[in-house]
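Chemist: Questions regarding the structure given below will be posed in turn.
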Amino acid sequence: MAAQRVWRNRSLVQTLGLSESDVRVVLTRAQELKKMWLGWKGSEFPHASLKGRTVVNLFFESSTRTRSSFELAARRLGGDVLNFTAETSSVTKGETLFDTARNLEAMEPDLLVVRHASAGAPLQLSKMIKVPLINAGDGFHEHPTQAFLDVFTIEEHRGTVKGRHVLIVGDIAHSRVARSNIYLLKTLGARVSVCGPPSLMPPSIEKLGVSVFHDLRKALESADVVMMLRIQLERQNQMQFPSLGEYSKFWGLNAETIGSLKEKAIIMHPGPLNEGVEISQDVATGSYSVIMDQVRNGVIVRMALMDLMVGHD
Ligand code: NCD
């Protein structure tokens, strides 16, 4: 049977529920676009599939990497981008999410990229409007494009994720990155485990098909990929561990703890980094780290998604 070549869904709100072929379509397109991008020397990228298309970046929560990554991705493909941030919009005058989106929809964009502090806001929006939508992170729910770029980066370095042991470390309870990655990695057949302070572990996490480690050094021994997370203090009512120093001692990656890693293991982090807390500077920039590749691949993977969702044939 011929491999699926098209994106079958209108929007991308979550990785939960995507089929393996849905995921592979995106990863394959990203590989093709990366090859084209690296081989291109001219002034205008030849694959201008978003020419005449308008992408609206609707960010109700701060972002550096993700917003600029979406913007760059759309521009590389020849698209127009309208950046809309909550601080400079009528949201500060009390306009609701729905009204804002309805008004933007009346301007006839081709794609909305939405980040919101409330879990579920992008899903709600996608049901209210007809424009295709990409969730760029909603509260502690999901961050699907981050998971896509992470899997793409793992496969670039280590081949297929199927059967690989991916260890996610830190504040699992408040992390949309962890959730999206768990769903996507499990769909592709990876072995996923989590490790972190019990107070930052969601109840019944095992139900997602992951194993839980309570000892970081032990967990690192068998990991092919280590994904470090930032402590999401903005999503906690109060700090759920004694001190940052203590956190770092038990759950941080540093020159000493990486001694437990396999030779070919890779270290990832979605950013922003809290250097000296979950990861030391030398480890973040050291030989195991693929963090800058994640950032580079973020643009490529978002190009692939936009190309599949709203690009010209
Ligand atoms: C993450 C996010 O905002 O969810 N960062 C990102 O998008 N690159 C992770 C985080 O904030 O810790």
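The values are calculated or read from the model by the stated rules, or taken from the named source; none is laboratory data. Because the structure is predicted, anything quoted here is derived from the model rather than measured. Glycine also receives a Cβ, built like all others from the backbone with ideal geometry; neighbour counts cover every protein chain displayed.
Chemist: Taking T66 as the residue in question, decide whether it is out of contact with any His (no Cβ under 7 Å at 6 or more places or on another chain), polar (S, T, N, Q) and over 20 Å from L133 (Cα atoms). If you could, list the steps in order and put the result at the bottom.
Modeler: On the way: out of contact with any His (no Cβ under 7 Å at 6 or more places or on another chain): yes; polar (S, T, N, Q): yes; over 20 Å from L133 (Cα atoms): no.
No.
Chemist: Among residues belonging to the range 2-60 that are of a type in the set (A, V, I, L, M) and touching a Gly at 6+ places or on another chain (Cβ under 8 Å), point out the one that is surrounded by the fewest Cβ atoms within 10 Å (Cβ to Cβ). Break it down into steps so the answer makes sense when it comes.
Modeler: Filtering the range 2-60 down to residues of a type in the set (A, V, I, L, M) leaves 2-3, 6, 12-13, 16, 18, 23, 25-27, 30, 33, 36, 38, 48, 50, 55-56, 58.
Applying the additional criterion that residues be touching a Gly at 6+ places or on another chain (Cβ under 8 Å) yields 48, 50, 55.
Details: A48: 15, L50: 25, V55: 25.
The selected residue is A48.
Chemist: How about the range 140-165: which of its residues are touching a Ser or Thr at 6+ places or on another chain (Cβ under 7 Å) and modelled with pLDDT of 95 or more? Reasoning before the result, please.
Modeler: Pass one, the range 140-165, residues touching a Ser or Thr at 6+ places or on another chain (Cβ under 7 Å): 140, 142-144, 146-147, 165.
Within the range 140-165, E142, H143, P144, Q146, A147, H165 meet the criteria.
Chemist: Would it be correct to say that A178 is closer than 29 Å to F241 by Cβ, away from the ligand (no atom under 16 Å from the Cβ), small (G, A, S) and in the same structural domain as F250 (by TED's automatic domain parsing)?
Modeler: Numbers: closer than 29 Å to F241 by Cβ: yes; away from the ligand (no atom under 16 Å from the Cβ): no; small (G, A, S): yes; in the same structural domain as F250 (by TED's automatic domain parsing): yes.
No, not satisfied.
Chemist: Every residue in the range 105-159 that is within 13 Å of the ligand (Cβ to nearest atom), assigned to a loop (DSSP other than H, G, I, E, B) and under 24 Å from I300 (Cβ atoms), please.
Modeler: Scanning the range 105-159 gives a single hit, H143.
Chemist: Between residues in the range 1-21 that are under 21 Å from V310 (Cβ atoms) and residues that are modelled with pLDDT under 95 and part of a loop (DSSP other than H, G, I, E, B), which pairs lie under 6 Å by C-beta distance while being six or more apart or on different chains?
Modeler: Cβ pairs passing all conditions: S21/Q4.
Chemist: Quick check, is E246 of a type in the set (D, E), more than 21 Å from A147 (Cβ to Cβ) and modelled with pLDDT under 95?
Modeler: Details: of a type in the set (D, E): yes; more than 21 Å from A147 (Cβ to Cβ): yes; modelled with pLDDT under 95: yes.
So E246 fits the description; yes.
Chemist: Taking the range 262-290 on its own, how many of its residues are surrounded by fewer than 20 Cβ atoms within 10 Å (Cβ to Cβ), of a type outside the set (G, A, S) and within 12 Å of the ligand (Cβ to nearest atom)?
Modeler: Looking only at that region, the number is 4.
Chemist: Would you mind finding the one in E87, E71, E44 that is without any contact (Cβ under 8 Å) to a residue 40 or more places away in the chain and in a loop (DSSP other than H, G, I, E, B)? Can you show your working first?
Modeler: Numbers: E87 fails: in a loop (DSSP other than H, G, I, E, B); E71 fails: in a loop (DSSP other than H, G, I, E, B).
None of the other options fit; the residue is E44.
Chemist: Another one. Are there any pairs with C-beta distances below 8 angstrom linking a residue in the range 135-147 that is more than 15 Å from V295 (Cα to Cα) to a residue that is within 9 Å of the ligand (Cβ to nearest atom) and acidic (D, E), with the two at least 6 apart or on different chains, and if so which?
Modeler: Going by the 8 Å Cβ cut-off, the qualifying pairs are G137/E61.
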